Amino acid sequence: MADERTHILDAHAALVDEGVIEPLSRDPAETRLWLDCELASLVENRFFDPIDPLAMTPELRAAWEPRATSGEPLSSPHGHDWYRVPFWMRDGIERAGTIALATSLMGPQLVTVSSLYTMPARRRRGIAKQVLDRANAAVTAAGYRGLRVPAYWSWQPAVRFYLGLGMWIANWKHSLVFCRRNDLPEHRIEVGETEARFSIVKDGETVPLIEAKRAGDRLVWTELVHLRGDAMYFHAGETFAVALAAHGFPLIRSDLAWEERYGSTDGGDPEGLAYKIDGWEAWDRKSGFEVRAPRIPGLQYSEWKDE
């Protein structure tokens, strides 16, 4: 574990040396701004009200923080150095946003990225993509497989961003977990009005793996190759299911498949994803957050029930 942490911190240091990220100092004003970025991200994604953290005021913080955090105040980003380190993302010599990088591995040798936020004035320049690309390169150079990035289903701009980067879904146990792994190939997802396809790129050729069609409120799911028993193909199904959901496709193939949804609550079949979406959205509504995710045809949405 000590060697693992040392190698990961060396990867952090390499990114700092490249000017890709900058450590967050313990200066109170800087720490306050970093937390204002966290709050702005929560408000934007849970209430669709964009706030510039550079224009944050005590009145705005007092109004938004209890609502955006479900009553739990934001904690200092410096209080968790044993498992993650906070940084500024950089755009040349300017600070462009925030990112935190884990100091230990999760899953199949992946380093977790969190608190990824780009300042409003710095968006649409590819900054977050560049930082993720460089972070992935640094982590793989240290001997690890890549990155994992948890994301909430209801935060649809983030979901679409990570899908657009060609990231894979690793699981959906507690939230959607995107990943970049050096043992997974490039994939391509094509989604039309009624049909969709998931392919990988192998030896320069595009190889279709799964096709999907709408059939009313049912999903027609056709696996073009044998998908079971191989990690890559397992994640292909998960990634395709999330992409279909983001485009408002059905996720339930049949009544029988729906009855078996509990076997896929951590990942796997599209019915497991539908079940988790229902729960995630119910929790968001209970928490007072706005939900603007695509509706999944055939899914009977429920209210959150405390047990």
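The values are calculated or read from the model by the stated rules, or taken from the named source; none is laboratory data. Everything quoted here is computed from the prediction, not taken from an experiment. Using ideal geometry, Cβ is built from the backbone for each residue, glycine included, and neighbour counts are taken over all protein chains shown.
A compact table of results
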| quantity | calculated |
| --- | --- |
| Among (1) over 21 Å from residue 157 (Cα atoms); (2) of a type outside the set (Phe, Trp, Tyr); (3) in contact (Cβ under 8 Å) with a residue 60 or more places away in the chain; (4) surrounded by fewer than 22 Cβ atoms within 10 Å (Cβ to Cβ) - the single one residue 175 does not satisfy | (1) |
| Check on residue 51, in contact with a strand residue (DSSP E or B) (Cβ under 6 Å, 6 or more places away or on another chain), among the hydrophobic types (A, V, I, L, M, F, W, C) and not assigned by TED's automatic domain parsing to the domain that holds residue 293 | no |
| Unique residue being assigned by TED's automatic domain parsing to the domain that holds residue 147 and surrounded by fewer than 14 Cβ atoms within 10 Å (Cβ to Cβ) when the list is 66, 77 | 66 |
| Answer from 160, 134 - the residue that is in a helix (DSSP H, G or I), touching a residue at least 40 places away in the same chain (Cβ under 8 Å) and closer than 26 Å to residue 233 by Cα | 160 |
| Selection count where residues are out of contact with any helix residue (DSSP H, G or I) (no Cβ under 8 Å at 6 or more places or on another chain) and either in a strand (DSSP E or B) or hydrophobic (A, V, I, L, M, F, W, C) (or both), scope the stretch 1-30 | 6 |
| Number of positions in the stretch 1-54 that are of a type in the set (Gly, Ala, Ser) and exposed (fewer than 15 other Cβ atoms within 10 Å of the Cβ) | 5 |
| Within the stretch 76-90, tally of residues that are in a strand (DSSP E or B), of a type in the set (A, V, I, L, M, F, W, C) and modelled with pLDDT under 95 | 0 |
| Helices (runs of 4 or more DSSP H) contained in the stretch 197-301 and holding at least 3 residues touching a Lys or Arg at 6+ places or on another chain (Cβ under 6 Å) and surrounded by 15 or more Cβ atoms within 10 Å (Cβ to Cβ) | 270-286 |
| Single match in 170, 128, 142 (criterion: surrounded by 13 or more Cβ atoms within 10 Å (Cβ to Cβ), outside the structural domain of residue 56 (by TED's automatic domain parsing) and in contact (Cβ under 8 Å) with a residue 24 or more places away in the chain) | 170 |
| Residue that is nearest to residue 10 (Cα to Cα) [pool: residues in the stretch 145-154 that are buried (at least 21 other Cβ atoms within 10 Å of the Cβ) and in contact (Cβ under 8 Å) with a residue 60 or more places away in the chain] | 153 |
| Condition met for residue 61 (part of a helix (DSSP H, G or I), charged (D, E, K, R) and crowded, with 19+ Cβ neighbours inside 10 Å) | no |
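Yes or no, residue by residue, for (1) assigned to a loop (DSSP other than H, G, I, E, B); (2) within 25 Å of residue 130 (Cβ to Cβ); (3) in contact (Cβ under 8 Å) with a residue 24 or more places away in the chain:
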site	(1), (2), (3)
49	yes, no, no
54	no, yes, yes
65	no, no, yes
74	yes, no, yes
113	no, yes, yes
